[in-house]
Amino acid sequence: MNIPAQLAEISKGRDHIKTDEFTRAIGKMPQTARKSYCLTGECHGIKPIKIGNRLLWPVADIAKLLNGGAQ
(Lines give C-alpha, C1' and ligand atoms only; values in the text may rest on other atoms or scores of the structure.)
Protein backbone atom coordinates (compact mmCIF):
# COMPACT_ATOMS: atom_id res chain seq x y z
CA MET A 1 0.00 0.00 0.00
CA ASN A 2 1.26 3.45 -0.88
CA ILE A 3 1.24 5.70 2.20
CA PRO A 4 1.29 9.40 1.30
CA ALA A 5 4.46 11.18 2.46
CA GLN A 6 2.68 13.47 4.93
CA LEU A 7 0.93 10.51 6.59
CA ALA A 8 4.18 8.54 6.75
CA GLU A 9 5.84 11.51 8.47
CA ILE A 10 2.98 11.86 10.97
CA SER A 11 2.71 8.15 11.79
CA LYS A 12 6.47 7.48 12.06
CA GLY A 13 5.93 3.76 11.51
CA ARG A 14 3.04 3.34 13.98
CA ASP A 15 -0.07 1.35 13.06
CA HIS A 16 -2.48 3.78 14.78
CA ILE A 17 -2.35 7.53 15.34
CA LYS A 18 -4.14 9.93 17.68
CA THR A 19 -7.13 12.04 16.66
CA ASP A 20 -5.17 15.28 16.27
CA GLU A 21 -2.67 13.52 13.99
CA PHE A 22 -5.48 11.87 12.01
CA THR A 23 -7.26 15.16 11.42
CA ARG A 24 -4.02 16.92 10.45
CA ALA A 25 -3.48 14.22 7.80
CA ILE A 26 -6.98 14.60 6.33
CA GLY A 27 -7.17 18.39 6.68
CA LYS A 28 -10.03 18.60 9.20
CA MET A 29 -10.41 19.88 12.76
CA PRO A 30 -10.23 17.37 15.66
CA GLN A 31 -13.76 18.32 16.75
CA THR A 32 -15.06 17.16 13.37
CA ALA A 33 -13.66 13.64 13.82
CA ARG A 34 -14.82 13.42 17.43
CA LYS A 35 -18.36 14.54 16.58
CA SER A 36 -18.57 12.18 13.63
CA TYR A 37 -17.34 9.30 15.83
CA CYS A 38 -19.87 10.21 18.53
CA LEU A 39 -22.78 10.25 16.06
CA THR A 40 -21.86 7.36 13.75
CA GLY A 41 -18.93 5.42 15.24
CA GLU A 42 -16.65 6.41 12.36
CA CYS A 43 -15.22 9.36 10.45
CA HIS A 44 -15.05 9.24 6.64
CA GLY A 45 -15.57 5.48 6.82
CA ILE A 46 -12.68 4.92 9.24
CA LYS A 47 -13.43 3.29 12.59
CA PRO A 48 -10.96 3.98 15.39
CA ILE A 49 -10.15 1.80 18.36
CA LYS A 50 -10.79 3.29 21.77
CA ILE A 51 -8.26 2.88 24.56
CA GLY A 52 -9.33 4.63 27.73
CA ASN A 53 -10.54 8.04 26.66
CA ARG A 54 -8.35 8.12 23.54
CA LEU A 55 -9.31 7.30 19.96
CA LEU A 56 -6.60 5.69 17.84
CA TRP A 57 -7.07 5.72 14.07
CA PRO A 58 -5.62 2.99 11.81
CA VAL A 59 -2.93 4.32 9.47
CA ALA A 60 -3.70 1.74 6.76
CA ASP A 61 -7.33 2.93 6.51
CA ILE A 62 -6.24 6.58 6.46
CA ALA A 63 -3.86 5.80 3.59
CA LYS A 64 -6.75 4.21 1.67
CA LEU A 65 -8.85 7.34 2.28
CA LEU A 66 -6.08 9.64 1.08
CA ASN A 67 -5.56 7.46 -2.00
CA GLY A 68 -9.27 7.72 -2.86
CA GLY A 69 -10.38 4.35 -1.49
CA ALA A 70 -12.85 5.34 1.26
CA GLN A 71 -15.66 7.86 1.36
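Things worth noting here:
- Loop-located trypsin sites (Lys or Arg not before Pro) in the chain, at most 10 other Cβ atoms within 10 Å (DSSP): 12
- In the context of the full set of protein chains, the chain has a per residue accessible area of 64 Å² (1.4 Å probe).
- Measuring r between the beta carbons of residue 28 and residue 67 and using R0 = 22 Å, the FRET efficiency lands at 0.80.
- Whole-number Å³ per residue for the convex hull built on Cα positions in the chain: 78
- Under a model in which nothing but the beta-carbon of Lys, Arg (+1) and Asp, Glu (-1) is charged, the chain shows a dipole of about 200 debye around its Cα centre.
- Amide H contacts under 5 Å for residue 16: 59, restricted to partners 5 or more places along the chain or on a different chain, H placed in the peptide plane at 1.01 Å from N.
- Karplus-derived 3J(HN,Hα) values for the stretch 7-18, using 6.51 cos²θ - 1.76 cosθ + 1.60 with θ = phi - 60°, are 5, 4, 5, 5, 6, 6, x, 7, 7, 9, 10, 6 Hz; glycine and proline are entered as x.
The values are calculated or read from the model by the stated rules, or taken from the named source; none is laboratory data. Please read these numbers as outputs of a predicted model, since none were measured by experiment. Ideal geometry is used to build each Cβ from the backbone, glycine not excepted, and the neighbour counts take in all protein chains shown. For the accessible areas, the whole protein counts, side chains as well, though only heavy atoms, and no ligand, DNA or RNA atoms are used. Shrake-Rupley method; radii C 1.70, N 1.55, O 1.52, S 1.80 Å.
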